[in-house]
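K.L.:
Quick one: structure below, then a few questions.
The values are calculated or read from the model by the stated rules, or taken from the named source; none is laboratory data. Since we're looking at a predicted model, the values are computed, not measured. For neighbour counting, all protein chains shown are included, and Cβ atoms are generated from backbone atoms with ideal geometry for every residue, glycine included.
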Amino acid sequence: MPQTFKIAVIEGDGIGPEVTQEAMRAAEAAAAPGGVSFDWQKFPWGTDYYFEHGLMAPADFLDTLAEFDAILLGAVGHPDVQDHVTLNGLLLPIRRRFDQCVCLRPSYLYEGVESPLRDKAPGSIDILVFRENTEGEYANIGGRLYQQSSDEVAIQTSVFTRRGCERIIRAAFEKARTRPRKRVASITKSNAQGYGMVLWDNVFDEVAGDFSDIETESLLIDRAVMEFVRRPESFDVVVASNLFGDILTDLGAIVVGSLGLAASANIDPTRAGPSMFEPVHGSAPDITGQGIANPLAAILSAAMMLEHLELPAAADAMNDAVRDLLATKGPRTADLGGTAKTTEVGAAICERITRSLS
């Protein structure tokens, strides 16, 4: 029976429109054989909107997004707009309003991609980070006093709740049960942050007691970044706070070859509101308009969207197409050592999807 999903598309800034277009084409190619189509509705929100209106999006933009099945985001950011404006004007309100408490960020070393680390075999690095996505260090609670004087004070407060810690940690353990290695590593800085992150450690130990079949490890963030380089193949599922999950996944992306392969999903596990899917790489203003941006992270993010929409065959087709393109030395952009244009990579992905499903 034909099925149509309403998808809100925020192409955003910089290379966002370039890579999002290829992600949409790939999703259509993967879903069409199953009788699934997408009602893409684009919204011109981002820094261009900010320059014109003083806001990243209209005041009621969250109410608008609530009517959709999912959100596909390209990128936000501009050299002339401070990052805290773009983040707090668009991304963080979306994550909080729709309680997208689980941020999934995979780092996988594909065949045909060279890691900057020596002698790492394809598939040997396969890390899935569960990043707490709605509180922690990004809660944006605090303030500034005596601004622009020598006595200026800024206070930034992290927020850790038992509910917030438990639901992300439990989600990580549940996912680990579905993976072959069945390991979970928790990352904190509880030796120096003795309240919020000690609560996290306590909750992690409590939840681990419900999963006796899962091997666990707890690391401080400073050691974790070292071990991501020294022994990345030892990690399976990793669970971390908002800030630490953000840092670790940027490192994980480089360890497996390129930020251009880094996909992400912002998930509301209850499905009460739309979840959001976006590449990790940002707006890349230095290459905007050149047609050389790597679309694979956006395509892989769209595959995560299809999986969330319970279209596993279509998601598999997209993931398999990326895997095949990289393994067979198909067209690739400059970040992966190639010379292909964004559209050429996108076309090659769609061709592989169509061929596999025909």
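K.L.:
Is it true that some residue in region 106-125 is in contact with a helix residue (DSSP H, G or I) (Cβ under 6 Å, 6 or more places away or on another chain), over 29 Å from residue 322 (Cβ atoms) and surrounded by 15 or more Cβ atoms within 10 Å (Cβ to Cβ)?
P.N.:
For region 106-125, residues in contact with a helix residue (DSSP H, G or I) (Cβ under 6 Å, 6 or more places away or on another chain), over 29 Å from residue 322 (Cβ atoms) and surrounded by 15 or more Cβ atoms within 10 Å (Cβ to Cβ): absent.
K.L.:
Could you tell me whether region 132-141 includes any residue that is under 18 Å from residue 275 (Cβ atoms), under 16 Å from the mean Cα position of the chain (by Cα) and in a loop (DSSP other than H, G, I, E, B)?
P.N.:
Yes, region 132-141 has at least one match.
K.L.:
Among (1) crowded, with 21+ Cβ neighbours inside 10 Å; (2) in a loop (DSSP other than H, G, I, E, B); (3) in contact with a strand residue (DSSP E or B) (Cβ under 8 Å, 6 or more places away or on another chain), which single condition is residue 257 missing?
P.N.:
(3)
K.L.:
Still on this structure: Does residue 247 fit the bill of being surrounded by fewer than 24 Cβ atoms within 10 Å (Cβ to Cβ), of a type in the set (A, V, I, L, M) and touching a Ser or Thr at 6+ places or on another chain (Cβ under 8 Å)?
P.N.:
The answer is no for residue 247.
K.L.:
Could you count how many residues in region 5-29 are acidic (Asp, Glu) and part of a helix (DSSP H, G or I)?
P.N.:
3
K.L.:
Of everything in region 171-199 that's under 24 Å from the mean Cα position of the chain (by Cα) and free of Cβ contacts under 8 Å to residues at least 40 places away in the same chain, which residue is nearest to residue 214 (Cα to Cα)?
P.N.:
Residue satisfying both the conditions and the ranking: 177.
K.L.:
Which pairs do you get when a residue that is touching a residue at least 12 places away in the same chain (Cβ under 8 Å) and polar (S, T, N, Q), found in region 79-93, comes within reach of a residue that is in a loop (DSSP other than H, G, I, E, B) and surrounded by 14 or more Cβ atoms within 10 Å (Cβ to Cβ), reach meaning Cβ atoms under 7 angstrom, with the pair 6+ apart or on two chains?
P.N.:
Going by the 7 Å Cβ cut-off, the qualifying pairs are 86/56; 86/76; 86/77.
K.L.:
What residue, of 353, 349, is farther than 17 Å from residue 263 by Cα, crowded, with 24+ Cβ neighbours inside 10 Å, touching a residue at least 40 places away in the same chain (Cβ under 8 Å) and aliphatic (A, V, I, L, M)?
P.N.:
After applying the criteria, what remains is 353.
K.L.:
Then there is this: Please go through region 30-48 and give me each residue that is more than 30 Å from residue 286 (Cα to Cα) and either assigned to a loop (DSSP other than H, G, I, E, B) or within 20 Å of the chain's Cα centre (by Cα) (or both), ordered by number.
P.N.:
Residue satisfying the conditions is 35 alone.
Condition check ((1) aliphatic (A, V, I, L, M); (2) buried (at least 18 other Cβ atoms within 10 Å of the Cβ); (3) more than 20 Å from residue 285 (Cβ to Cβ)) across all residues:
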residue	(1), (2), (3)
5	no, yes, yes
17	no, yes, no
28	no, no, yes
66	yes, no, yes
81	yes, no, no
84	no, no, no
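K.L.:
I would also like to ask the following. Please determine, by comparing only the residues of region 135-151 that are among the charged types (D, E, K, R) and touching a strand residue (DSSP E or B) at 6+ places or on another chain (Cβ under 6 Å), which one is surrounded by the fewest Cβ atoms within 10 Å (Cβ to Cβ).
P.N.:
The extreme case among them is 144.
K.L.:
Condition (residue is assigned to a helix (DSSP H, G or I) and among the small types (Gly, Ala, Ser)) applied to region 327-339: is it met by at least one residue?
P.N.:
Looking through region 327-339, at least one residue is assigned to a helix (DSSP H, G or I) and among the small types (Gly, Ala, Ser).
K.L.:
Inside region 152-242, counting only strands (runs of 3 or more DSSP E) that do not spill past its ends, which hold 2 or more residues that are surrounded by fewer than 17 Cβ atoms within 10 Å (Cβ to Cβ) and at pLDDT 95 or above?
P.N.:
153-159, 215-220
K.L.:
Are any of the residues in region 261-284 of a type outside the set (Gly, Ala, Ser), surrounded by fewer than 22 Cβ atoms within 10 Å (Cβ to Cβ) and more than 19 Å from the chain's Cα centre (by Cα)?
P.N.:
no
K.L.:
What about residue 298, is it outside any loop (DSSP other than H, G, I, E, B) and among the small types (Gly, Ala, Ser)?
P.N.:
It is true that residue 298 is outside any loop (DSSP other than H, G, I, E, B) and among the small types (Gly, Ala, Ser).
K.L.:
So, in region 30-56, how many residues would count as being closer than 27 Å to residue 84 by Cα, polar (S, T, N, Q) and surrounded by fewer than 21 Cβ atoms within 10 Å (Cβ to Cβ)?
P.N.:
Residues in region 30-56 being closer than 27 Å to residue 84 by Cα, polar (S, T, N, Q) and surrounded by fewer than 21 Cβ atoms within 10 Å (Cβ to Cβ): 1 in total.
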